[in-house]
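Following: one structure in structure tokens, then a few remarks.
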Amino acid sequence: MNRGPAREVLGTCHHDCPDSCGWVVTVEADRAVRLRGNPAHPYSRGELCPKVNRLLERVYSPDRVLTPLERTGAKGQGQFRPISWDDALARIAAEWTERIARHGGETLLGYFDAGTQGLIQMTSLDRRLFAVLGASQHDATICGSTARTGLTLTNGTGLGADPMDIVHSRFIVLWGTNTRLTNRHLWPFIEQARSAGATVVVVDPLRTSTAEAADWFIQPLPGTDSALMLAMMAVLIAEDLVDKPWVDAHTVGYEALVERVSAWTPARASAICGIPAEEIVALARAYGTIRPCVIRTLIGAEHHEHGGELFRTMAALPALIGAWRDLGGGLVGSSGPWTEEALIDIDLPADAGRWGSRHINMAQLGRALTDPLLAPPLTALYVWNANPALTAPAAESTRRGLAREDLFTVVHEQFLTDTARCADVVLPATTQLEHLDVVPAWGHLYLGWNEAAIAPLGEARSNTEVFRNLAAALGRTETWLYDSDEQLISQRLNFAHERMQAISLPSLRASGFQRLSVPDPLVPFAEGNFPTPSGRVQFVSAAATAAGLDELPDYRPAREGPGGEAEVLGRYPLQLLTPKTHPGFLNSTYSVLPHHGPPGGPFVELDPSDAARRGIADGQMVVVSNDRATVELVARFSPRVRPGVVAIPFGWWQQQHPDGRTANALTNDELADIGGGVAFSDTLVEVLPA
Ligand SMILES: Nc1nc2c(c(=O)[nH]1)N[C@H]1C(S)=C(S)[C@@H](COP(=O)(O)OP(=O)(O)OC[C@H]3O[C@@H](n4cnc5c(=O)[nH]c(N)nc54)[C@H](O)[C@@H]3O)O[C@H]1N2
Ligand SMILES: Nc1nc2c(c(=O)[nH]1)N[C@H]1C(S)=C(S)[C@@H](COP(=O)(O)OP(=O)(O)OC[C@H]3O[C@@H](n4cnc5c(=O)[nH]c(N)nc54)[C@H](O)[C@@H]3O)O[C@H]1N2
Ligand code: SF4
Ligand SMILES: [Mo]
């Protein structure tokens, strides 16, 4: 068969992952036959990952949704029949129009996450359409918002050092981040630093694969890090390891901080964190003496009741030792803000906006859908780029909400996920190979271009295309609801911004990636100049007080955590973590595809001493329970957890769980202290033989 000449198309991974790897797709006769890492990409350097190495199997999977579907069975049963696009769009327009006429625009909610984190396919035209419809506003807070808000209280910004400059570090603290799993392309840079003599420390309540590979593993009880950090500061101050000239020049509130941490002896922190006092002292000494010294953190540690406080406290550490002076020093969190500050908010022409004033926090979708007092009620839900039935906390409330007969749910998806199975109408979505986009990264400083490599499969349509279609079906006449993908990209990138100086659409398109125009090497705060009210690091923060926190960094126990409410701890003495764990999964994506998960399906990890006390044998069926749900699982004795802590790796779908209830059935949907994030990891449970 003559398949015609092969083409190579440059793209960028769309996944909600810090790495935003560059790729090359080989296309023959409009079929993608090969996908590999782009060797020219300076960060990902030709490598992808166990998930995306098999992306073509996902793109061409027989299980993909390739036509619009309409529900035929009961809600949530997943029974559908194919319908035409015209019929699907007409039905959605009619349902929305009727419901908005009855209840007002706020009865409608558009719900998305970062299924693709592309500049226009994640969120762009949707904002214009839902605004003109007066819909409820979706607060996109489930990932990263609390960490950034915490860092910003102290530093005035989430900006940090260039992740790639970690090669220059000699003391690297991976604090609440599982680099080898979640940020795997940073690991070679860490190894490079290590071969030049760097020490790698991991601070994590779980002995992760990253902890296994570290030089020093510190395992605090979950959510207790602020106590550990305050005690480290006490040691730094007591042992004269503070960089006084830098502190005097670039911080405010030092004397008050000295006073605050004087109460935080290592012994006191030790009793809270479950780490020997000597180890806290040793960590502080190493942190205060080895340079350049960097803290690398991402998202996982924010999922606590006091998650914002944790990050706000963390940001004080590098300031105290003047770590920002050095290339390879300071703090590296999400590098997203470097790009985001060079983007234009294209929501709406100024005179056209009439969003509803009501905000719905995405982490509490279940609450919003089941709240009998919510006025007006949510009666129309449109979901794209997300699988909230599985990924939002307190999943049984989401399930009850999605089962409501009076709720009209549309899900735009590639697969029949747990959320799509609850829909009234499912719309088929393109994959990253089938649409155009630009991908901003949160793990490095390169923008990535993504050229569509192949035509949409079946009747799949991209997110932006469907919003144009919906606008037409609703009879909207505003021209800006119909902007093309190229127009949206041009509107979004702020070429006038200094960070875009070297970037143009043709150059980005031709090269596949370009570095933001920021200094290389980048030492952002060597001379201070923090964007806070004082221009300095705020050890004392009025913004913190305004947000309801103490003016100084502090530790407070979580209600559902160690040192929490005695009544709850008495009934549910084990703290549950539900972490990302399998290299083949990306949140809930891939878990039902062959070759992605470990054989045997979901399980709960226990320390053998906790199991023995309950008469639980390795491999036995157990019931994990709290007031939110019971979940049946196989017990596994695990060296990853310490006594008092259990873990259920997250990502498996309902159909893969023995009783259809997933890890998130158990998790806490209380919000974190600031930033709107959620306390997934402050969840107490009991585990008993089934
Ligand atoms: N393979 C793979 N890669 C992924 C993902 C995936 O699902 N699979 N998901 C992507 C997404 S959406 C994100 S947000 C990033 C997340 O990237 P990371 O933030 O690196 O990953 P997490 O696993 O969420 O959390 C990191 C670690 O925080 C720990 N942790 C929990 N509570 C605490 C605490 O109180 N203190 C401390 N010190 N540590 C704590 C957890 O045990 C976990 O090992 O990863 C992305 N990359
Ligand atoms: N228990 C527990 N819960 C968690 C976490 C945890 O660690 N533990 N992590 C939390 C975090 S950090 C995050 S970010 C969230 C992630 O939550 P979600 O974003 O809901 O998770 P995903 O499983 O990645 O779902 C993304 C969906 O988008 C779809 N998709 C991909 N590309 C496109 C596209 O172009 N168009 C459309 N229409 N759809 C597309 C995919 O098929 C997939 O089903 O989960 C959170 N929930
Ligand atoms: S999921 Fe992450 S590591 Fe894997 S290819 Fe995509 S960006 Fe790279
Ligand atoms: Mo995330």
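The values are calculated or read from the model by the stated rules, or taken from the named source; none is laboratory data. If you're wondering where the values come from, they're calculated on a predicted model, not measured in any experiment. No Cβ is skipped: glycine too gets one built from the backbone with ideal geometry, and neighbour counts run over all protein chains shown.
Look through the range 77-123, keep the residues that are under 24 Å from the mean Cα position of the chain (by Cα) and of a type in the set (Ser, Thr, Tyr), and return whichever of them is farthest from residue 13 (Cα to Cα).
111
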Considering residues that are loosely packed, with under 15 Cβ neighbours inside 10 Å and of a type outside the set (Gly, Ala, Ser), the number found within the range 495-508 is 5
Mind listing whichever residues of the range 565-588 are surrounded by fewer than 19 Cβ atoms within 10 Å (Cβ to Cβ), more than 12 Å from ligand 1 (Cβ to nearest atom) and either over 30 Å from residue 257 (Cα atoms) or within 26 Å of the chain's Cα centre (by Cα) (or both)?
566, 567, 568, 569, 570, 571, 573
When the residues of the range 408-428 are narrowed to those that are within 14 Å of residue 88 (Cα to Cα) and either in contact with a His (Cβ under 6 Å, 6 or more places away or on another chain) or without any contact (Cβ under 8 Å) to a residue 40 or more places away in the chain (or both), which ends up nearest to ligand 1 (Cβ to nearest atom)?
411
Matching entry among 269, 263, 286 (being among the small types (Gly, Ala, Ser) and over 19 Å from residue 552 (Cβ atoms))
286
Scan the range 9-24 and tell me whether some residue there is surrounded by fewer than 17 Cβ atoms within 10 Å (Cβ to Cβ) and either within 16 Å of ligand 1 (Cβ to nearest atom) or not in a loop (DSSP other than H, G, I, E, B) (or both).
no
Report, by residue number, each residue of the range 246-270 that is surrounded by 15 or more Cβ atoms within 10 Å (Cβ to Cβ), in a helix (DSSP H, G or I) and not charged (D, E, K, R).
246, 247, 250, 254, 257, 258, 261, 266, 269, 270
Test for residue 36: is it touching a Leu at 6+ places or on another chain (Cβ under 9 Å), more than 29 Å from residue 466 (Cβ to Cβ) and either away from ligand 2 (no atom under 15 Å from the Cβ) or aromatic (Phe, Trp, Tyr) (or both)
yes
Is there any pair with a first residue in the range 570-589 that is closer than 12 Å to residue 683 by Cβ and a second that is among the small types (Gly, Ala, Ser) and not in a loop (DSSP other than H, G, I, E, B) whose Cβ atoms are under 6 Å apart and which are 6 or more apart or on different chains, and what are they?
577/647; 578/663
Residue list for the range 47-58, restricted to those being within 16 Å of ligand 1 (Cβ to nearest atom) and over 22 Å from residue 122 (Cβ atoms):
47, 50, 53, 54
Among the residues of the range 285-300, write down those that are touching a strand residue (DSSP E or B) at 6+ places or on another chain (Cβ under 7 Å) and near ligand 1 (Cβ under 8 Å from one of its atoms).
297
Filtered residues of the range 236-245 (kept if assigned to a loop (DSSP other than H, G, I, E, B) and aliphatic (A, V, I, L, M)):
241, 242
Filter the range 48-65 for residues that are free of Cβ contacts under 8 Å to residues at least 40 places away in the same chain and part of a loop (DSSP other than H, G, I, E, B); which is farthest from the chain's Cα centre (by Cα)?
62
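Can you tell me which residue among 63, 16 is at pLDDT 95 or above, touching a strand residue (DSSP E or B) at 6+ places or on another chain (Cβ under 8 Å) and not aromatic (Phe, Trp, Tyr)?
16
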Residue 70 versus (1) more than 30 Å from residue 108 (Cα to Cα); (2) away from ligand 3 (no atom under 16 Å from the Cβ): which is the lone unmet condition?
(1)
Could you tell me whether residue 72 is surrounded by 15 or more Cβ atoms within 10 Å (Cβ to Cβ), of a type in the set (Val, Ile, Thr) and either touching a Lys or Arg at 6+ places or on another chain (Cβ under 7 Å) or modelled with pLDDT of 95 or more (or both)?
no
Of all residues in the range 585-606 being part of a loop (DSSP other than H, G, I, E, B) and of a type in the set (A, V, I, L, M, F, W, C), the one that is nearest to ligand 3 (Cβ to nearest atom)
585
Please list, ordered by first then second residue, the pairs with beta carbon atoms under 9 Å, 6 or more apart or interchain, first in the range 66-88 and within 10 Å of residue 422 (Cα to Cα), second assigned to a loop (DSSP other than H, G, I, E, B) and of a type in the set (Lys, Arg).
75/404
Are any residues in the range 144-163 within 16 Å of ligand 3 (Cβ to nearest atom) and surrounded by 24 or more Cβ atoms within 10 Å (Cβ to Cβ), and if so, which ones?
163
Restricting attention to the range 447-455, does a residue exist that is among the aromatic types (Phe, Trp, Tyr), surrounded by fewer than 24 Cβ atoms within 10 Å (Cβ to Cβ) and either at negative phi or assigned by TED's automatic domain parsing to the domain that holds residue 91 (or both)?
yes
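If a residue has to be without any contact (Cβ under 8 Å) to a residue 60 or more places away in the chain and either closer than 20 Å to residue 541 by Cβ or more than 28 Å from the chain's Cα centre (by Cα) (or both) to count, how many in the range 218-236 make the cut?
The qualifying residues number 3.
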Scan the range 25-46 for residues that are more than 16 Å from ligand 1 (Cβ to nearest atom) and polar (S, T, N, Q) and jot them down.
26, 38
Looking at 55, 35, which one is touching a helix residue (DSSP H, G or I) at 6+ places or on another chain (Cβ under 8 Å) and surrounded by 19 or more Cβ atoms within 10 Å (Cβ to Cβ)?
35
If residue 609 passes every condition in (1) among the small types (Gly, Ala, Ser); (2) away from ligand 2 (no atom under 13 Å from the Cβ); (3) assigned to a loop (DSSP other than H, G, I, E, B) but one, which one does it miss?
(3)
Does at least one position in the range 124-141 carry a residue that is within 22 Å of the chain's Cα centre (by Cα), crowded, with 22+ Cβ neighbours inside 10 Å and within 16 Å of ligand 1 (Cβ to nearest atom)?
no
Let me confirm something: among 578, 479, which residue is more than 16 Å from ligand 4 (Cβ to nearest atom) and polar (S, T, N, Q)?
479
Going by the structure shown, is residue 5 touching a strand residue (DSSP E or B) at 6+ places or on another chain (Cβ under 7 Å), more than 16 Å from ligand 3 (Cβ to nearest atom) and not hydrophobic (A, V, I, L, M, F, W, C)?
no
Within the range 156-175, identify whether any single residue is basic (Lys, Arg) and in contact with a Lys or Arg (Cβ under 9 Å, 6 or more places away or on another chain), and answer yes or no.
yes
Go through the range 541-558 and report how many residues are within 18 Å of residue 530 (Cβ to Cβ) and not in a helix (DSSP H, G or I).
5
